[in-house]
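Inspection log for the structure reproduced underneath, given as structure tokens.
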Amino acid sequence: MQQTTIADIQARVGSDLGASGWITIDQAAIDTFAEVTDDHQFIHVDPAAAAQTPFGGTVAHGFLTLSLLSRMAADVMLVPEGLKMGVNYGFERVRFISPVRAGKRVRGHFRLTSAEEKRPGQWQFVHEVSVEIEGEERPALTAEWIGMIFI
């Protein structure tokens, strides 16, 4: 994450912050996520059965892709100088558009849409996020991500 001033962050509202690095979602990651979440639906963990579906093979859990936003954000999000902590506040309009097939690479695109001081030293940042699947036209997901930053 790039450290900068609150004034600079406010000046960047409405602008694209860029794209994260690529992350490969392989079957091992999908299987690990299935274990942690106890979601063993065959489209995620059974390659033979999943091959018989329109997906043609296993796909990542939508929540796995969503959970990778934290890692993606580390590459591009702006954080204010003097940061004490940042916490997730929530999401608006999360949509899982396209499945992420096992072995595909994804990356996040971030656009800062607002930076508002809610209380002295407490800021709410909102980012439009889109997760791109390498080589595909449609994104894996889109969302509006709300975070609270304390300085």
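The values are calculated or read from the model by the stated rules, or taken from the named source; none is laboratory data. Note that the structure is predicted; figures quoted are calculated from it, not measured. With ideal geometry, Cβ positions are generated from the backbone for all residues, glycine too; neighbour counts draw on all protein chains shown.
Answer yes or no as to whether F42 is among the aromatic types (F, W, Y), surrounded by 14 or more Cβ atoms within 10 Å (Cβ to Cβ) and either within 24 Å of F63 (Cβ to Cβ) or touching a residue at least 24 places away in the same chain (Cβ under 8 Å) (or both). Criteria not met by F42.
Starting from residues that are touching a residue at least 24 places away in the same chain (Cβ under 8 Å), within 11 Å of the chain's Cα centre (by Cα) and surrounded by fewer than 17 Cβ atoms within 10 Å (Cβ to Cβ), keep the ones in the stretch 69-90 and report whichever is nearest to V131 (Cα to Cα). So the residue we want is R71.
Determine, yes or no, whether S130 is closer than 24 Å to W22 by Cβ, in a strand (DSSP E or B) and of a type in the set (S, T, Y). It is true that S130 is closer than 24 Å to W22 by Cβ, in a strand (DSSP E or B) and of a type in the set (S, T, Y).
Going through (1) without any contact (Cβ under 8 Å) to a residue 40 or more places away in the chain; (2) surrounded by 17 or more Cβ atoms within 10 Å (Cβ to Cβ); (3) under 30 Å from I149 (Cβ atoms) one by one, A7 falls short only on (2). Evaluating V106 against the criteria (1) at pLDDT 95 or above; (2) surrounded by fewer than 14 Cβ atoms within 10 Å (Cβ to Cβ); (3) outside any helix (DSSP H, G or I); (4) not small (G, A, S) leaves one unmet condition, (2). When V13 is tested against (1) touching a Leu at 6+ places or on another chain (Cβ under 7 Å); (2) modelled with pLDDT under 95, only condition (2) is not met.
Against the criterion of being acidic (D, E) and either in contact (Cβ under 8 Å) with a residue 24 or more places away in the chain or more than 17 Å from Q10 (Cα to Cα) (or both), E134 qualifies.
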